[in-house]
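The block underneath contains the structure these notes are about, expressed in structure tokens.
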Amino acid sequence: MPSKLEAGVRTFAGCGAPYDESEVVLFGAPFDSTTSYRPGARFASSSIRSESIGIETYSPYQMEDIENLKISDAGDLELPFGNAGRALDVVETFCGKVLDDGKMPVMIGGEHLLTFGAVRAVAARHPDLRLIHFDAHADLRRDYMGESLSHATVMRRVWDLLGDGRIYQFGIRSGTREEFDWATAHVRTELFTVRGIDGCSEAVSGYPVYISVDLDVIDPSEFPGTGTPEAGGVSFKDLLDALLCLKGLNVAGFDICELAPHYDVSGISTALACKVLREMLIAYY
Ligand code: MN
Ligand code: MN
């Protein structure tokens, strides 16, 4: 038997259940080939796992210990750098297997495009899926420099799949005029803050929900370790309150994306990401 300490280094804190016995399956998706500015999100999952030894497995916010939950950590997928289409296929296939085994997939990105692979798997099994998206960026471009698959287009690709009125965005403070104009007719976009999360929670209640957290939604003063930092973001506490407001929904899968540990000299961003992940795992279990 490995000691607790060794187990904590290899898996995310407290997530030591065997796959077959687990209800939730955590996996890393180390890929950042379409990152438009500073790459490095491919290193997030290994960094989150190793740094998670620094946080408690117990949440005083929810009075629950992650060690009491049946969560397995499947490690990292092998994704082909430079080939976004195939990387998405690998993510979709893996999430599909997890779902077909009756478990919930939880992805540590990686860049945000990977969310599209996970959502494809979930939407194929839950056609009435709703998606809640936290981000600094709208990610609604039809294409980015001619490429339809990019972390700047990911929510537009999700819309291709889900259609009008099913995507709820929060914290958005960056995008083109075209993206914002397009958004008004097709998705619900809350600019700058997480206000309205209660109404969103009510609106999606009863539907299967996917939650995607692009961690750059948090202000760069608290979360500098990301590829496209955008001033004027929400606080960790704002995000946590919003995420806990979604507790009790029928969550079919979720992810956290866009931590780029190399821009995080002091390690505070990785520590924050670990805490967000712990709280989400407990809240949506
Ligand atoms: Mn972003
Ligand atoms: Mn994003």
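We did not get these values from a lab; they are worked out from the coordinates using the rules stated. Everything quoted here is computed from the prediction, not taken from an experiment. Quick reminder, even Gly has a Cβ in these numbers, built from the backbone with ideal geometry, and neighbours come from all protein chains shown.
Some points to look at:
- Local electrostatic count, ASP143, Cβ distance below 14 Å [Lys/Arg +1, Asp/Glu -1]: -1
- This ranking places THR193, THR226 by how few other beta-carbon atoms lie within 10 Å of each, fewest first, which gives THR193, THR226.
- Viscosity 1.002 mPa s, 20 °C: Kirkwood-radius Stokes-Einstein D of region 164-285 over Cα pairs, µm²/s: 143 µm²/s
- Within the listed set CYS257, CYS245, CYS15, the Gaussian network model of the chain (springs between alpha-carbon atoms below 10 Å) gives the highest mean-square fluctuation for CYS245.
- Charge dipole of region 18-96 (Cα centre as origin; +1 on each Lys and Arg Cβ, -1 on each Asp and Glu Cβ, all else neutral): 500 debye, rounded to the nearest 20.
- Residues LYS247, LYS237, arranged from fewest to most other Cβ atoms within 10 angstrom of their Cβ, appear as LYS237, LYS247.
- The Cα center of region 39-93 and the Cα center of region 101-158 differ in position by 16 Å.
- A simple rule links phi to the HN-Hα coupling: the Karplus curve 6.51 cos²θ - 1.76 cosθ + 1.60 with θ = phi - 60°, which for region 13-23 gives 2, x, 9, x, 5, x, 3, 4, 8, 8, 9 Hz, with x for Gly and Pro.
- The ellipsoid that matches the Cα gyration tensor of region 94-243 has semi-axes, each √(5λ) in whole angstrom, of 22, 18, 16, with the longest given first.
- Under 25 Å from LYS70, Cα to Cα: lysines that are on another chain or at least 8 residues apart: LYS4, LYS97, LYS103, LYS247, LYS275
- When the chymotrypsin sites (Phe, Trp or Tyr not before Pro) in region 1-90 are filtered for DSSP coil states and for at most 16 other beta-carbon atoms within 10 Å of their beta-carbon, the remaining sites are TYR37, TYR61, PHE81.
- Using only the C-alpha atoms, the convex hull of region 17-90 corresponds to 128 Å³ per residue.
- Label-reachable residues, region 81-107, where backbone N falls under 15 Å from a point 7 Å from GLU23's Cα toward its Cβ: 102-106
- Region 155-192: chymotrypsin sites (Phe, Trp or Tyr not before Pro) in DSSP loop, at most 16 other beta carbons within 10 Å: PHE192
- Value of D in µm² per second that Stokes-Einstein yields for region 19-283, Kirkwood Rh from Cα pairs, at 37 °C (0.692 mPa s): 183 µm²/s
- The chain: most fluctuating residue of GLY16, GLY102, GLY232 per GNM, C-alpha cutoff 10 Å: GLY102
- In the chain, helical runs assigned H by DSSP with n ≥ 4 each contribute -39500 (n - 2.57); averaged across all residues and rounded to the nearest 500, the mean residue ellipticity at 222 nm is -10000 deg cm²/dmol.
- Value in Å of the Kirkwood radius, where region 94-152 supplies the Cα pairs that are averaged: 12.8 Å
- Reachable aspartates and glutamates from LYS237, criterion Cα separation under 13 angstrom, eight or more residues apart if same chain: ASP219, GLU222, GLU279
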